[in-house]
Amino acid sequence: ITPGPGYLESFLRDNCGCTNSPITEITETGIRTADGKHFDCDVIICATGFDVSHRPRYPLIGQNNINLRERWAGDPESYVSVMTPDFPNYLMLMGPNCLGGHGSLVESLNWTGDYFVKWIKKMAHEDIKYFTPRRDKVDAFMKYQDEVHKTLVWSGGCSSWYKRGRVDGRVTALFGGSAQLFNKLIAEIRGEDFDITYRTANP
């Protein structure tokens, strides 16, 4: 899996180099790395990656005073990347184990948005106060993710953002499966997967 056609081939060019050695100094003419090498360059582009921990940048408090920022200090978990236990009515786009490694990301966002609308309509029509995914269903989803990822390239023995920068670790950024499977999982609300609290005794 490479970022795009020609990426790996570019390292064979005379004016291109690749190193894992950390930058120790920016000089007037380029960059010096910890291994003592100096790379001459005219432009430095800072592209240091992005945060894939899924941790909120602010306190997000759910049931029983659970702070999602603290809960996800380790590996984040989700219900099909769109919800997490103990956080009523909390819906996420591109949550942990989202569809980003297969098919169209834009289309997966459309499917996820359609899924949210189904929940919003269900809440309005059935007088639902709040819903949360059941813990056992989230555990089952995460177990499935872990098992499937053992067979996929995303869990390979290198440091990657899929595993939050770790060589050995759980793949938490990407869905373990195809776009078709992801779409099937969120095509309909699986009511048996949720704890639902109604506003009245007779909704």
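The values are calculated or read from the model by the stated rules, or taken from the named source; none is laboratory data. All values reported here derive from a predicted model rather than from experimental measurement. Positions of Cβ are backbone-derived with ideal geometry, glycine not excepted, and every protein chain shown enters the neighbour counts. Ligands, DNA and RNA are stripped out before the accessible areas are found, and what is left, the full protein with its side chains, is counted by its heavy atoms. Shrake-Rupley method; radii C 1.70, N 1.55, O 1.52, S 1.80 Å.
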Practice prompt. Pop out the carbon and sulfur fraction of the accessible area of the chain as a percent, whole number, probe 1.4 Å.
Written response: 52 percent
Fill in: Furthest towards positive pole of dipole, Gln63, Val43, Ile26, structure part the range 1-145, Cβ charges
Gln63
Practice prompt. Write down the accessible area per residue of the chain in Å², having rolled a 1.4 Å probe over the full set of protein chains.
Written response: 62 Å²
Item to complete: Could you work out how far helix 105-126 tilts from the main Cα principal axis of the chain, as a 0 to 90 degree angle to the nearest 10?
Response: 20 degrees
Worksheet item: According to a simple spin-label model (label point 7 Å from Cα along Cα-to-Cβ), what is the distance in nm between Ile61 and Asp168?
Response: 3.9 nm
Discussion item. Which one, Cys16, Thr197, Gly4, is farthest towards the positive end of the dipole of the chain when Lys and Arg carry +1 and Asp and Glu -1 on their Cβ?
Written reply: Thr197
Worksheet item: Residue by residue, what Karplus-based ³J(HN,Hα) values in Hz, rounded to whole numbers, does the range 166-178 have, using 6.51, -1.76 and 1.60 with θ = phi - 60° and x for Gly and Pro?
Response: 9, 6, 9, x, 6, 6, 10, 8, 10, 6, x, x, 8
Fill in: Amide H within-cut-off set for Tyr198, under 5 Å, with H built and near neighbours excluded
Lys129
Worksheet item: Can you count the Lys pairs in the chain whose Cα atoms are under 26 Å apart, with each pair 8 or more apart or on different chains?
Response: 17
Worksheet item: Could you give the dipole magnitude of the range 1-146 about its Cα centre, charging the beta-carbon of Lys and Arg +1 and that of Asp and Glu -1, in debye to the nearest 20?
Response: 740 debye
Worksheet item: So for the range 94-203, taking the charge dipole from beta-carbon charges (+1 Lys/Arg, -1 Asp/Glu), which of Trp161, Cys98, Ala173 sits furthest toward the positive end?
Response: Trp161
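Work out how much length Ala201 to Phe11 would gain on full extension: take 0.36 nm times their residue separation and subtract the Cα-Cα distance, in nm to one decimal.
61.8 nm
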Worksheet item: Tilt of helix 135-149 relative to the longest C-alpha principal axis of the chain, in degrees (0 to 90, nearest 10)?
Response: 30 degrees
